[in-house]
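Peer 1: I have a structure here, written as structure tokens, and I will follow up with some questions on it.
The values are calculated or read from the model by the stated rules, or taken from the named source; none is laboratory data. Quick caveat: nothing in here was measured; it's all calculated off a predicted structure. Please note: Cβ atoms are built from the backbone with ideal geometry, for glycine as well, and neighbour counts cover all protein chains shown.
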Amino acid sequence: MPLLPALAFGLVLTWLSLSAGVALPDNLWSPDKLAHFGAYALWAGLWGWGRARAGLAWRWNAIALGCIAWGLLMEGIQGLMPWRTFEWADALANALGAVAGIGMYEFFHNKTT
């Protein structure tokens, strides 16, 4: 099941996004924004890896858009929760991470095939 790592990480990412979190410093290069970027980069990369292993014909931009949409959905739901808040900077970090993750996967995958 090549897509299992991406699905499992997506469940963990969803749980972390919706559970009560710890307050981290909030600026552009804060640990929070770097964590958002890294998590979505890893998630998009896992989707790319799973897609290639499963022989699926998904394009890289479909994976990036799916991860970006999920990040926006998570931020939107957080805005409805009393213990979380919607942050455009988090959504941007998610989106940049998703594009970077699938971009790096595609770059290195194409170099080795």
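Peer 1: Give the residues of the stretch 76-92 that are touching a helix residue (DSSP H, G or I) at 6+ places or on another chain (Cβ under 9 Å) and aliphatic (A, V, I, L, M), sorted by residue number.
Peer 2: 77, 81, 89, 91, 92
Peer 1: Then there's this: Would you mention how many residues in the stretch 66-88 are more than 14 Å from residue 39 (Cα to Cα), outside any loop (DSSP other than H, G, I, E, B) and in contact (Cβ under 8 Å) with a residue 60 or more places away in the chain?
Peer 2: Residues in the stretch 66-88 being more than 14 Å from residue 39 (Cα to Cα), outside any loop (DSSP other than H, G, I, E, B) and in contact (Cβ under 8 Å) with a residue 60 or more places away in the chain: 2 in total.
Peer 1: Within the stretch 42-61, which residues are surrounded by 14 or more Cβ atoms within 10 Å (Cβ to Cβ) and more than 17 Å from residue 4 (Cα to Cα)?
Peer 2: 60
Peer 1: Is there any pair linking a residue in the stretch 35-56 that is closer than 18 Å to residue 69 by Cβ to one that is aromatic (Phe, Trp, Tyr) and assigned to a helix (DSSP H, G or I), with Cβ under 8 Å and at least six apart or on different chains, and which?
Peer 2: 42/9; 43/9; 44/105; 45/105; 46/9; 48/60; 48/105
Peer 1: So, one more: Return only the number of the condition from (1) surrounded by 12 or more Cβ atoms within 10 Å (Cβ to Cβ); (2) within 12 Å of the chain's Cα centre (by Cα) that residue 11 does not satisfy.
Peer 2: (1)
Peer 1: A further question on this structure: Name the single residue that is nearest to the chain's Cα centre (by Cα) among those in the stretch 64-90 being of a type in the set (Gly, Ala, Ser) and surrounded by 19 or more Cβ atoms within 10 Å (Cβ to Cβ).
Peer 2: My answer is 71.
Peer 1: Related question: Does residue 91 meet the test of being over 18 Å from residue 12 (Cβ atoms) and either modelled with pLDDT of 95 or more or assigned to a helix (DSSP H, G or I) (or both)?
Peer 2: Spelling it out, residue 91 is indeed over 18 Å from residue 12 (Cβ atoms) and either modelled with pLDDT of 95 or more or assigned to a helix (DSSP H, G or I) (or both).
Peer 1: Something else: From (1) under 24 Å from residue 108 (Cβ atoms); (2) touching a residue at least 40 places away in the same chain (Cβ under 8 Å); (3) part of a helix (DSSP H, G or I), pick out the condition that doesn't hold for residue 2.
Peer 2: (3)
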